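Read through the structure below, which is laid out as structure tokens, and then see the notes.
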Amino acid sequence: MPHRPKIYSWLLNLYPARFREEYQAPMERLFQDDYRDAATPAGRLRVWAHALSDVATSAPIEMFRELKQDLKYTLRIYRGRATGPVAAVIALGLAIGASTGVFSVLNALLLRGLPFSDPVQLVELRNSPFSAMRGRAAFNAWQSQSPYLQGAATFSLEDATLAEGRDALRVKVAETSGNFFQLLGTQAVVGRTFAPGEDAPGRNRVAIISHSLWQQSFGGNYGVTGALLRIDGVPFTVIGVAPPRFDYPGKTDVWVPTAYDFETTPKRGAFLFQTVARLKPDASVAKARGMFEAEVQHTAPKLLQGDALNRANLISLQNQLAGPVRQAAWVLAGMVFLVLLTACANVAQLLLSRTTERRQELAVRSALGASRARLVQQLTTEAMALTLTAAALGLLVAQWTCHLASSIAPAPLTTQAYTVLDWRVLAFAVTLAVLMSIFFGVLPAVLVGRLQPAGQIVRLQSPPGTRRARATLVGLQAALTIILIASSITLGRTFLQLLHADLGFQTAHVVTLNVSLQGTPRHGAQAEWQYYSAALDRLRAIPGVESAGAVSYLPLASNIYMAFGFQMDSGRTVKPVVTNGIIPGYFEAMRTPFLAGGDVARPGSIVVNEAFAQSAGLGTTILGRNVIASWTKTPYSVVGVVSTARYPGGPQIYFPVEEEPPPALTLVARVPGQAATYLAKCRDTVRSVDPQVPVYDVMTLDQRLDTMLARPRFYTTATLFLAGLALLLAAVGIYGMAANSIAQRTQEMGVRLALGASYHRVRAMLLRESTLPVLAGLAIGIGGAAASGQFLAHLIENAQPPDLWVFLAAAAVLLLIGWSASWTASARVLSIEPAVAVRNE
């Protein structure tokens, strides 16, 4: 029977401390007497049932009552000295908010389920030689015989013009194989998905529209099936509506089963086929990757060469969708974790100082009968009030972080939108706050356990180990801070290099707007050229427009280019070379300087950039030389050499588009003053040429540059903010350690001064003692900063590991902060009167 009361004693731990102090012993005796008097198993069962019912009903009431009392006392304590708690709440709120915001991104990309059936088994085959390019029969034969795939579907994603009795608009169209929806396990909410064989030429004039397009363009009409869509002028019949928030791949608006049909939707320009597949139940991703690479090695071994981005690979669909955002989010998560640790160290030091200052109060309460558990409960309640308040503030910061992340690096699918309104994210924030509450309550509890009431009331020295704990926390703050300072300096330097890099053109005062003739009545080279000429003539006629031209691939806007090999008349080959179509006036509008010659003036003439001329080994002497295209053997005469644009960079050739106009162009116009004031005028002017031609992406060139630099700017700003916050916390921590150390050693300082020590000597001693933990933290932090350099490239391309001067600068900044904080805190030494200090205690 002895074990029965012991179990009951464990249950009594559910009551708060003060209740246990008063009633635990009599309750245990009463339970033991009742249990002993119960003569039968049924009677003992009734005793247990009554005891459990009593604990279940009364324990929460008593806990709430005592917690309410502790919170009132906490508010009274914090109200008396609010500066420290407010600073702690702000620091923890920012740290918890940033941590939760970054976690929400990782949760959306890696933890939240995809809108597919059994998404864990889905993979994407990057740069696969087994795609629609081999034809429908070959692709189906390959996937049906695969030893590691249940099935595979192929698709390509393009922008297209959608028209159906209304203004034309640009939409994203996915050309897929017929089994695309079946493979993903997705059913239509209205109508049906593609039927078997519906991807064969002649049967593929059907389309499935997204739920958002159904709502916006068809008003959610359930009779949408059978409606006619014209995609790039080709009629398609709507057969279904995709489920809400389903927009794979790449936030698609329309799906058509035309992956194998190059005639229905003719391709002009660069396009890329991708493959998504479902693994067999017994095939892991690693095993399937090995078998896929073996297939590629046998079929096209060159595809296994090159960098990770351009080589053939099999990767889980979730990781593929997360892409570079996942890597950057992990790096930022590491930095935020460092700040979180710094904030925790700062708050821990604050609570240690508060506990030390209140040792007289705690000793009195202990002498009056308060148990250690009661004091620990009070201190834990105070810590929990801080952390939960900080967590509430942190959720607001996290929501702002999610909004900012969505504008900088949007989620690839609608279902992966970043939000804090997710049970995992909320659980993360609450768990973080509770863990910190426990941690912050344990530290003071260690000191409470060392209180000696009889002696502690009269002896005001710090409990043993307090000074060492403070020094450890300061060293930790210094180590974490120097890692963040070094990272911020490195990223800031890299971003400044990007910002001031020579682009090869001038972005100020330039209006850009895209037009597409796909799906419009303007067919044929002559009709297309007439439109482009008319549009540019009207642009140039706008009052104030200085020059205007057009280009196929605008720098800062395009990331896919056509590249080929070219041969000089001397026999030298240059490859790969990006080819770009232009209309004269483009270089003048972009302020791209000519190094030699002039603009294209006639068919057969071309302009090359400086990188091409150098690759050909001719420099500016390339003027007048012939360049022969490898695929047509047609010679082109070089009439000009321009500086190399940073984007895309490398050898480039500019052709006049008059003979073979592309289906879409970007028009550029240079204007005086603020380019943004001309956007609406330029858009309306071009649209007036032909209302059926969509005019879209109307932006200034400065806005395009800002968009391109938005991600590195965000990462740089975020790192600088985190480093600044950590630096501020470190400064407060060092100052707090020095100030509290001096306050606790007032009597010692008075004795030293009374025995003849000079003020300067005493102050130097205090500075030395305050600086030693900072130096120790610097030694550890420099090693951590050196190790962190390899991860910075995930944030900004071409970011280099920190140099020696970066370490020295970071160390100098932190040492200066440490010395300043210690000097300010030790200033009170100069005002100590030895006699007063000796009598202080």
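Per-structure values
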item: Inter-label distance, nm, simple model (7 Å from Cα along the C-beta direction), L808/A417; result: 5.2 nm
item: The chain, helix-only ellipticity at 222 nm - DSSP H runs n ≥ 4, -39,500 (n - 2.57), divided by all residues, nearest 500; result: -17500 deg cm²/dmol
item: Heavy-atom accessible surface of the chain: percent carbon and sulfur, 1.4 Å; result: 59 percent
item: Length-normalised contact order for the chain - Cα pairs under 8 Å, 6+ apart - percent; result: 15 percent
item: Where labels lie 7 Å past Cα in the beta-carbon direction, separation of R493 and E21 in nm; result: 5.9 nm
item: Partner aspartates and glutamates for K633 [C-alpha distance under 16 Å; skip if fewer than 8 residues away on the same chain]; result: D569
item: Accessible area of the chain divided out per residue, in Å², using a probe of 1.4 angstrom; result: 45 Å²
item: Sorted peptide list for 618-624, 50-56, criterion being average Cβ within 10 angstrom, highest first; result: 618-624, 50-56
item: Pair S533, K633: separation of 7 Å Cα→Cβ label points (nm); result: 3.3 nm
item: Correct option for Cα Rg over 2.2 N^0.38 Å [calculated from the coordinates] among (1) 1.26; (2) 1.06; (3) 1.21; result: (1)
item: Furthest towards positive pole of dipole, Y148, A91, A132, structure part segment 77-220, Cβ charges; result: A91
item: Fully extended contour minus Cα-Cα distance, from L228 to S758, at 0.36 nm per residue; result: 181.4 nm
item: Nearest-ten-degree value, helix 804-825 long axis tilted from longest Cα axis of the chain; result: 30 degrees
item: R0 of 60 Å, Cβ-Cβ distance N13-Q145: FRET efficiency to nearest 0.05; result: 0.40
item: Between 0 and 90°, nearest 10: helix 17-37 axis offset from the chain longest Cα axis; result: 80 degrees
item: Ordering of 86-98, 519-531, 273-285 by burial proxy (mean other Cβ atoms within 10 Å per residue, highest first); result: 86-98, 273-285, 519-531
item: Angle in degrees between helix 3-12 and the longest Cα principal axis of the chain, rounded to the nearest 10; result: 70 degrees
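The values are calculated or read from the model by the stated rules, or taken from the named source; none is laboratory data. All figures in this text were calculated on a predicted structure; none of them were measured in a lab. Counting neighbours? That spans all protein chains shown, and the Cβs are built from the backbone with ideal geometry, glycine included. SASA here: full protein model, heavy atoms, side chains in, ligands and nucleic acids out. Shrake-Rupley method; radii C 1.70, N 1.55, O 1.52, S 1.80 Å.
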